[in-house]
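Asker: Provided herewith is a single structure, encoded as structure tokens, for subsequent inquiry.
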Amino acid sequence: MAFLSLLSGVRPLLLLITLLGPVVLVRGVTFRVVNKCPFPVWPAAAPNTGHPVLAGGGFLLPPGQSRLVSAPATWNGRFWGRTGCNFTSTTNHHGGANAAACLTGDCDGRLACNGTAGAPPATLVEVDLHEDQSKGSSYDVSLVDGYNLPVAVWTKPGAAADRKCVIPGCAKNVNAVCPPELQVTAAGGDGKKAAVVVACKSACLAFGTDAFCCRGAHGTAETCRGSVYSRMFRDACPAYFSYPYDTAAAAARCYAEVYVVTFCPSRWGEEADPVAQA
């Protein structure tokens, strides 16, 4: 009788499974965010529409440290690093909620961006995840809105020979080769030293013309061919997208359970940036 009673309880479950189809176990992914810069970085994340905010949208990451950020297996959005932040300054409090707290990548003066996009120029890691391995998750690094930090992205675990899953950092410090008309500068560490370059604008951000922004009559791959400025970005960071129709770069299409995002993956210029360390 007990066996028959057990069967009677199983039948509704079997019926439910039959009606709903096979049960799929949804697993998330992890982003390991690493700071190899010789100064603090405040990583931030902003989701695309319909996707959740990760890790409150932003946090502090001291030099040499890392943090694990969990995400749904289908998350879409972007990561970037903020530099030179001060969330306790008098200027920020008196300026209100919209006063900038960071020299680069600021999001309305907040530590936790809570989904708010960062102010350009900032190097962007763009992510488009798919749970179905056959569709292939993709990620890229973009300088379309300008540059502030070098960043590398790869999957883990991954074979050393599988280079298609690795987006390396830059061959040059973009801020060191940025032309004056694109430079974003800030006062030296104690306010008395000469201004230093903390970011480099894209030509679109600096000049706002259709030709540089690939819009209007220049809104196709055939009519937007890049410029001397995008070629400067391309020379310094060959793996990054330097303008919207940059065919020389490509998104990595690799499925993984762990993605590593590293700021300053190689040596940071000749010496630490005194402003970014503030």
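The values are calculated or read from the model by the stated rules, or taken from the named source; none is laboratory data. Bear in mind that the values here come from a model prediction, so they are computed numbers and not experimental data. Cβ coordinates were reconstructed from backbone atoms using ideal geometry, including for glycine residues, and neighbour counts include every protein chain displayed. Surface areas here come from the heavy atoms of the whole protein model, side chains and all, with no ligands, DNA or RNA. Shrake-Rupley method; radii C 1.70, N 1.55, O 1.52, S 1.80 Å.
Asker: Tell me which residues, restricted to the range 26-37, are open to solvent by 20 Å² or more (accessible area, probe 1.4 Å) and of a type in the set (Val, Ile, Thr).
Answerer: The answer is 26, 30.
Asker: In this structure, is residue 3 in a helix (DSSP H, G or I) and either at pLDDT below 95 or aromatic (Phe, Trp, Tyr) (or both)?
Answerer: Criteria met by residue 3.
Asker: Just name the residue that is surrounded by the most Cβ atoms within 10 Å (Cβ to Cβ) out of those in the range 156-174 that are over 16 Å from residue 198 (Cβ atoms) and of a type in the set (A, V, I, L, M).
Answerer: Among those residues, the one meeting the criterion is 167.
Asker: Looking at (1) modelled with pLDDT of 95 or more; (2) more than 21 Å from residue 149 (Cβ to Cβ); (3) touching a helix residue (DSSP H, G or I) at 6+ places or on another chain (Cβ under 9 Å), which one does residue 30 not meet, given that it meets all the others?
Answerer: (3)
Asker: Among 177, 153, 144, which is the only one that is open to solvent by less than 50 Å² (accessible area, probe 1.4 Å), within 27 Å of residue 227 (Cα to Cα) and out of contact with any Pro (no Cβ under 8 Å at 6 or more places or on another chain)?
Answerer: 153
Asker: Among the residues of the range 90-123, count how many are modelled with pLDDT of 75 or more, farther than 22 Å from residue 32 by Cα, open to solvent by 40 Å² or more (accessible area, probe 1.4 Å) and among the small types (Gly, Ala, Ser).
Answerer: 2
Asker: Quick check on this structure: which one of 202, 227 is at negative phi, open to solvent by less than 70 Å² (accessible area, probe 1.4 Å) and touching a Pro at 6+ places or on another chain (Cβ under 8 Å)?
Answerer: That would be 202, the only listed residue that is at negative phi, open to solvent by less than 70 Å² (accessible area, probe 1.4 Å) and touching a Pro at 6+ places or on another chain (Cβ under 8 Å).
Each row is one residue, and each column tells you yes or no for (1) surrounded by 14 or more Cβ atoms within 10 Å (Cβ to Cβ); (2) out of contact with any strand residue (DSSP E or B) (no Cβ under 8 Å at 6 or more places or on another chain); (3) in a strand (DSSP E or B).
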site: 39; (1), (2), (3): yes, no, no
site: 44; (1), (2), (3): yes, no, yes
site: 64; (1), (2), (3): no, no, no
site: 88; (1), (2), (3): no, yes, no
site: 125; (1), (2), (3): yes, no, yes
site: 139; (1), (2), (3): yes, no, yes
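Asker: Does residue 233 meet the test of being open to solvent by less than 20 Å² (accessible area, probe 1.4 Å) and modelled with pLDDT of 90 or more?
Answerer: Spelling it out, residue 233 is indeed open to solvent by less than 20 Å² (accessible area, probe 1.4 Å) and modelled with pLDDT of 90 or more.
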